[in-house]
Structure formats: C-alpha cells, structure tokens
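Participant: Can you read through this structure? Questions will come right after.
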Amino acid sequence: MEQKTNGVILKLNNIEVMYHEVILVLKGVSIEVPQGGIVALLGANGAGKSTTLKSISGLLKHEDGEVTDGSIEFMGEKIHHLSAEEISKRGIFQIIEGRRVFGHLTVEENLRVGAHLRGTGSATKERLEMVYHYFPRLVERRNIMAGFISGGEQQMTVIGRAMMARPKLMLLDEPSMGLAPLLIKEIFEIIKKLNQEEKIPLLLVEQNVKLALTVAPYAYVLETGRLVMHDTSEKLKENPDIRDFYLGLSDIGEKKSFRHVKHYKRRKRWLT
Amino acid sequence: MEIFLQLLITGILVGSIYALVALGWTLIYKCSGVLNLAMGELTLIGAYVCLTFYHWGIPFVLALFFTLVIGFILGILTEIIFLRPMVGEPHLAVIMVTVGLAFFFKGLVMLIWGTDTVVFSPPVFPIQPVFLGKVVVGQVFLWAFVASIILLVAFVSFFKFTKWGLSMQATADDEMAALSLGVNAKVVYALAWAIAFMAAGVGGTLLGNINGLNISVGYLGLLVLPAVVLGGLNSIPGAIVGGLVIGILQNLADGYLSRFTPGGVKEVFPFAVMVIVLLFKPYGLWGWVRIERV
Ligand SMILES: Nc1ncnc2c1ncn2[C@@H]1O[C@H](COP(=O)(O)OP(=O)(O)OP(=O)(O)O)[C@@H](O)[C@H]1O
Ligand SMILES: [Mg+2]
C-alpha cells in the first residue's frame, strides 16, 4: 500500500465541498502532502482554508458540510465518507483554529483527553513526558485550569493535546492567530522540531504568509474556494502576486501600506 | 436551637439525595445541552424497579445494584430512541421531547405498578431512630445519606480519573474540540443519560424508603430543578451544593413556616428560592456563562 502512494501520505483529488447542501465553498481543490513533509495552505479570510482541513478530518460532517465531489485519500485509502472518529482512528488530527482548550480542565487533563483513542496507562505517561519535553512551559502549568493560562500556553496545550494521540498527520489551523511575534516564533520553532524529530507530516493553514513560507517547503494558495497557485516556497516568495497581495511587498521590496493591500484585496474579491 | 439543628441535619440528609439526582440532571445538560424535564419520572422508574426486585426477595443492596444496572441500560436506550433523532433540532423541540418522555414514563409506571402507595416491606432500615448528640434522626435518613455520598464520590471519581469521564467533561467544555480528538459524542450523550438514570434510580429508591412510593415521588424528583438553578445548571459541584441547600431550606421552611399556612410550604419554598436566584443570579452560584456556538 505504501509503495502505491509514492511517498504521498495525503491526497485531495479535486474535491468539492458544500455546506447545508446549498453553499458551495470548495470548488475543485487538489492537494498533496508528502510523507514527513510540511505543506502550507494560504489564503485570505473566507477562502476556505479551514473548510479544507475540516473535510480531511471529517469535522465537516458536524457542521452540516459534505464532500460532494472528488476524493480524499490517506495512505492509499479513501476516507472522505468516514466519520470524524474513524478518521482520527486512522491517525489524522486537526487542531482547530482559535486555541480551543477545555477551559474547565487542567492543562494535564487536557493532554490526557488527547490520548482518548490511545487508552490509558504507562504509554500515556510516556506521551506526557514527550509533550512536556517539547513544551517545557506547560510543566509548571500542568495543574492549572486551561481557561486561565495565557494565549501562547493555550496554543501549546492544544498542539500538545493532539501530540498525545500519536498523530500520523497533523492539520494545524492558524497557530499564530492573535499571538505576540516572539511567541509565534517560539511556537513555530517547536512545530518544526516536532516535524523533524517525531516525523509528523503537517498541513499548515496560515495567514502569516511570510512565516508559513519559511517553515513549509511547499505551499498552496486558495482564493474563494479555488486553488490559484501552488509551488515551492522558494518560487512563491519570488512570485510578484504573492509578494504583492500576501507579503505586502512591492517589486522594489518595500512595504506597502496595509490599507493599500486591503483595498486591493477587496477589489479583487468583487471581481471573482 | 435544638429544633434548628434537628431541621438542619434532616435537611442535609435528605438534601444529599437531591444532590445525587441533581448531579445526574446537570450531567445531561452539560454534555448534551438538553434541559431534561423528565428527571422526576426517572427517579420514579428507578424506585419501582428497585422495589420490585426487593419484593422478589432479593437483598436490598443487591436490588439497588440491579437498579443501577437497569438504570444504565434504560438511560442508553432512552438516549438512542428518543434523544438521538433530535440532535441538531431547536432547543425548544428537544425540551418538548423530554416533556413527552415525562408523560410516557409516568404512564408506564401507572400501567405496570398502579397508583396506590406502596412501601418497601419488610422495611429495609430499622425503625428505631438514632441520636446524633441531641438530634434524633431515623436510620433511613442516615443510610440514605451514606448511600448518596458513596454514589456521589463514585461518580465524581469517574469524571476525574477515567478516560470516558474526562472525555465527557471535555465534550461539555468544547464539543468540536473533543470530536477533533476522536471522542464519539454519541457515546458521551448516551453515558450522560445512563448515569443520570442510575443516579435518579437510587435517589428515587431512597426517597421511596423514606415516604413510601407513589407517583408523587416523581414530584420530589422535580426538586432537582431549583437545586440545579441554584448551582448554576452546568456545574457538578454546584448541583451537589444546590441539592443540599434545597434539602435544608425545604426542611427549615417546613419546620418554621408550615404552622402559618394550610400546607404546601415544603413543596413551594424551593421553587420560590429558584425564582429569586434566577432574578438576582441567573447563572447560579457556580454556573458558566454559556457561550452559544452553532
Ligand atoms: N458551517 C458553515 N456553514 C455555512 N457556511 C460556512 C460554514 N463554515 C464556513 N462557511 C463559509 O465557507 C467559506 C469558507 O470558510 P472557511 O472557514 O473555510 O474560511 P477560512 O479560509 O478558514 O477563513 P479564515 O481565515 O477567516 O479562518 C466562508 O465563506 C464561510 O462563510
Ligand atoms: Mg479558518
């Protein structure tokens, strides 16, 4: 089975996604994630990035969404018709956007819930040690209710929580959202380390394009439900459109005013 | 002062039963968002089941254990048959389903067991009262308290230390996040109903031992509503404290106020407290301000 997939662990073939049987949100999206790799999925607000992740993890079905066309293959198996639980059993875990900790549980209890599908006992203890090794900040927070820790620590908790599940593929939705730059840097370094040392493939959704392109060697760009571009990050960084709309740099390399970019985006959206 | 102590202690002992039933109610609300108006009838069914076993000659403790088992099964069946089809429907529709359930269960009880008051005979607990200092309490109250506390501790340990217990709490906190970790929400809802049915069954049995058993035990079960409103609907410690407080208030009202009225103070007082709490502290003493997500 492994050979057949040619080192590609996840493959989206031209998927179409609808909410409530009427709202068409994704229109023919194809994405590949290589074994052990990091792939970024970029795009403006409402482009359909989260929807893409939810269709992979199966959470879509809980928001009355459905993959109406195309297919999603994980390790050679078609998974888009499976329930969220079945998909997690196969090793795919989505870290949903917005640092969704279980606020009334302690940090360590949050982590334990992450091991829900992996039983309890000594294996869980080992996993806990591993998470604390990557997120040493959480050690002193372990007995505090997760609702009361800082935003950065909450982001670490939700990433650590998914780590508890021994993921074979992690889907990360905007881990940088609403965090201070220094913290973002810290978290992204850990994410990179997790990928390199634990060999966990990542599909990373980000609005922070610059950062995403430094972490992920390959990226896809989504615009109102369609893929408009995909290439290596090196090439994308040189692409004038990307520089202009997403990196906020003009060809001379100077920073454009934020307002200008926004304005352009808005105009562009009317056109599509 | 002695009268006060007497009323207070009896109140705590009875209140522990309410606390048990309130925990069950809160669990359903926390985990699945269902406001269950059939809790009184759940207590009723459990009580009759236990009584039936007992009258078959099964020792009381064993009968109580079987009641727990039956409660577990009935809880899961109730969830699958009546509540699961309603997932995602408007809150009001789901509440109406629980009202329907209440009538259904009550009808079932009348059909099977009739409407006459029955008592556990021979009495399960010795009639002689015991003295706690200067306070006199019936042994039935004392044992009801012990049984309630044992069950409360068991349930709370389940939530704290077991995998499914933690996952139930997680689902209550953020269902989507729990789903993303592979927690099956259907199992969580079913477990919540199972535990609620178990708690209600034991609560009903204990109340039946105190007062005898007829349809009105179902109204006592309804006292969980003021208890959980006081505790804040979705807090387990809140439900426990709420149950105790309602037990105490009910007894104090009965002891001090019923002389001045033709009757009914005992029944009405907890609900009066509920209204006052709703006016001044709509989220109860420990409730979370629930953030509605769709
Ligand atoms: N549950 C839903 N029901 C109906 N429409 C939805 C639902 N969820 C998302 N949408 C719509 O689908 C489109 C894509 O949303 P999605 O959340 O995938 O975007 P996104 O790229 O993740 O945006 P953001 O950067 O703001 O998170 C939006 O137009 C949104 O309104
Ligand atoms: Mg999103």
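The values are calculated or read from the model by the stated rules, or taken from the named source; none is laboratory data. None of the values given here were measured: they were computed from a predicted structure. So basically every Cβ, Gly included, is an ideal-geometry build from the backbone, and we count neighbours across all protein chains shown. These accessible areas exclude ligands, DNA and RNA; they are computed on the full protein's heavy atoms, side chains included. Shrake-Rupley method; radii C 1.70, N 1.55, O 1.52, S 1.80 Å.
Participant: Restricting to the range A:216-231, name every residue that is within 15 Å of ligand 2 (Cβ to nearest atom) and surrounded by fewer than 22 Cβ atoms within 10 Å (Cβ to Cβ). Break it down into steps so the answer makes sense when it comes.
Facilitator: First, the residues of the range A:216-231 that are within 15 Å of ligand 2 (Cβ to nearest atom): A:220-225.
Scanning the range A:216-231 gives A:E223, A:T224, A:G225.
Participant: Looking at the range A:190-217, I want the residues that are at positive phi and have a partner that is surrounded by fewer than 20 Cβ atoms within 10 Å (Cβ to Cβ) with Cβ atoms under 8 Å, at least 6 apart or on another chain. Which pairs are those?
Facilitator: Listed pairs, sorted by first residue: A:K199/A:G36.
Each row is one residue, and each column tells you yes or no for (1) closer than 18 Å to B:E175 by Cα; (2) more than 16 Å from ligand 2 (Cβ to nearest atom); (3) within 14 Å of chain B (Cβ to nearest Cβ).
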{"site": "A:V25", "(1), (2), (3)": "no, no, no"}
{"site": "A:G36", "(1), (2), (3)": "no, yes, no"}
{"site": "A:L59", "(1), (2), (3)": "yes, no, yes"}
{"site": "A:T68", "(1), (2), (3)": "no, yes, no"}
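Participant: Please state which one of B:L233, B:L252, B:L257 is closer than 26 Å to A:H116 by Cβ and open to solvent by 10 Å² or more (accessible area, probe 1.4 Å).
Facilitator: B:L233
Participant: While we're looking at this one, here's another question. If I go through the range A:202-215 residue by residue, how many of them are within 15 Å of ligand 2 (Cβ to nearest atom) and in contact with a Phe, Trp or Tyr (Cβ under 8 Å, 6 or more places away or on another chain)?
Facilitator: Residues flagged as within 15 Å of ligand 2 (Cβ to nearest atom) and in contact with a Phe, Trp or Tyr (Cβ under 8 Å, 6 or more places away or on another chain) within the range A:202-215 amount to 1.
Participant: Counting just the residues of the range A:83-97 that are touching an Asp or Glu at 6+ places or on another chain (Cβ under 9 Å) and at the interface with another protein chain (Cβ under 7 Å from one of its Cβ atoms), which one comes out surrounded by the most Cβ atoms within 10 Å (Cβ to Cβ)?
Facilitator: Start the filter on the range A:83-97 by keeping residues that are touching an Asp or Glu at 6+ places or on another chain (Cβ under 9 Å), which leaves A:90, A:94-97.
Narrowing further to those that are at the interface with another protein chain (Cβ under 7 Å from one of its Cβ atoms): A:94, A:96.
Working: A:Q94: 29, A:I96: 22.
For the range A:83-97, the residue satisfying everything is A:Q94.
Participant: Within the bounds of the range A:98-120, is there any residue that is open to solvent by less than 20 Å² (accessible area, probe 1.4 Å), within 16 Å of ligand 1 (Cβ to nearest atom) and within 15 Å of B:T171 (Cα to Cα)?
Facilitator: no
Participant: Of A:L213, A:L182, which residue is open to solvent by 70 Å² or more (accessible area, probe 1.4 Å) and part of a helix (DSSP H, G or I)? Before the answer, list the steps.
Facilitator: Details: A:L213 fails: open to solvent by 70 Å² or more (accessible area, probe 1.4 Å).
Only one candidate passes the filter, namely A:L182.
Participant: Let me ask something else about it. Which residues, taken from the range B:29-47, are over 13 Å from B:F82 (Cβ atoms) and outside any loop (DSSP other than H, G, I, E, B)?
Facilitator: The answer is B:Y29, B:K30, B:C31, B:M39, B:G40, B:T43, B:L44, B:I45, B:G46, B:A47.
Participant: In the range A:43-87, which residues are over 17 Å from the mean Cα position of the chain (by Cα), among the hydrophobic types (A, V, I, L, M, F, W, C) and under 18 Å from A:L222 (Cα atoms)?
Facilitator: Across the range A:43-87, the qualifying residue is only A:V67.
Participant: Step by step: first the residues of the range B:191-224, then only those that are in a helix (DSSP H, G or I) and surrounded by fewer than 22 Cβ atoms within 10 Å (Cβ to Cβ), then the one that is modelled with the highest pLDDT. Which residue is that? Steps first, answer last, please.
Facilitator: Taking the range B:191-224 and keeping what is in a helix (DSSP H, G or I), we get B:191-211, B:217-221, B:224.
Then drop every residue that is not surrounded by fewer than 22 Cβ atoms within 10 Å (Cβ to Cβ), which leaves B:210-211, B:219.
Values: B:I210: 90, B:N211: 85, B:Y219: 82.
Here the residue is B:I210.
Participant: For a quick check of your reading of the model, give me the residue pairs whose first member lies in the range A:35-63 and is free of Cβ contacts under 8 Å to residues at least 24 places away in the same chain, whose second is outside any helix (DSSP H, G or I) and more than 9 Å from ligand 1 (Cβ to nearest atom), with beta-carbon atoms closer than 9 Å and at least 6 apart or on different chains.
Facilitator: A:K61/A:S83
Participant: Another question, then. Restricted to the range A:19-34, and to residues that are free of Cβ contacts under 8 Å to residues at least 60 places away in the same chain, part of a strand (DSSP E or B) and near ligand 1 (Cβ under 7 Å from one of its atoms), which residue is most open to solvent (accessible area, probe 1.4 Å)?
Facilitator: Going through the range A:19-34, the residues free of Cβ contacts under 8 Å to residues at least 60 places away in the same chain turn out to be A:19-23, A:32.
If we keep only those that are part of a strand (DSSP E or B) as well, we get A:19, A:23, A:32.
If we keep only those that are near ligand 1 (Cβ under 7 Å from one of its atoms) as well, we get A:19, A:23.
Working: A:Y19: 31, A:I23: 85 Å².
By that ranking, first place goes to A:I23.
Participant: Same structure, new question: Within the range B:260-277, restricting attention to residues that are over 20 Å from the mean Cα position of the chain (by Cα) and modelled with pLDDT of 80 or more, which residue is surrounded by the fewest Cβ atoms within 10 Å (Cβ to Cβ)? Please lay out each step first, then the result.
Facilitator: Of the range B:260-277, the ones over 20 Å from the mean Cα position of the chain (by Cα) are B:260-265, B:276.
If we keep only those that are modelled with pLDDT of 80 or more as well, we get B:260, B:265, B:276.
Details: B:F260: 7, B:V265: 18, B:I276: 12.
Here the residue is B:F260.
Participant: Inspect all residues belonging to the range A:155-164 and state whether any of them is more than 16 Å from ligand 1 (Cβ to nearest atom), open to solvent by 20 Å² or more (accessible area, probe 1.4 Å) and hydroxyl-bearing (S, T, Y).
Facilitator: no
Participant: Give the residue, chosen from A:N208, A:N239, that is over 20 Å from A:I56 (Cα atoms) and within 16 Å of ligand 1 (Cβ to nearest atom). Steps first, please.
Facilitator: On the way: A:N239 fails: within 16 Å of ligand 1 (Cβ to nearest atom).
None of the other options fit; the residue is A:N208.
Participant: Sticking with this one: Which of (1) closer than 17 Å to A:G225 by Cα; (2) away from ligand 2 (no atom under 16 Å from the Cβ); (3) among the polar types (S, T, N, Q); (4) open to solvent by 50 Å² or more (accessible area, probe 1.4 Å) is the odd one out, the single condition A:N45 does not satisfy?
Facilitator: Condition (2) is where A:N45 drops out.
Participant: Within the range B:88-102, how many residues are surrounded by fewer than 17 Cβ atoms within 10 Å (Cβ to Cβ) and in contact (Cβ under 8 Å) with a residue 24 or more places away in the chain?
Facilitator: 3
Participant: Here is a further query. Being away from ligand 1 (no atom under 13 Å from the Cβ), closer than 16 Å to A:L10 by Cβ and touching a helix residue (DSSP H, G or I) at 6+ places or on another chain (Cβ under 7 Å) narrows it down to one of A:L213, A:L202, so name that one.
Facilitator: Result of the check over A:L213, A:L202: A:L202.
Participant: Restricting attention to the range A:142-153, which residues are assigned to a loop (DSSP other than H, G, I, E, B) and within 22 Å of A:P181 (Cα to Cα)?
Facilitator: A:I149, A:S150
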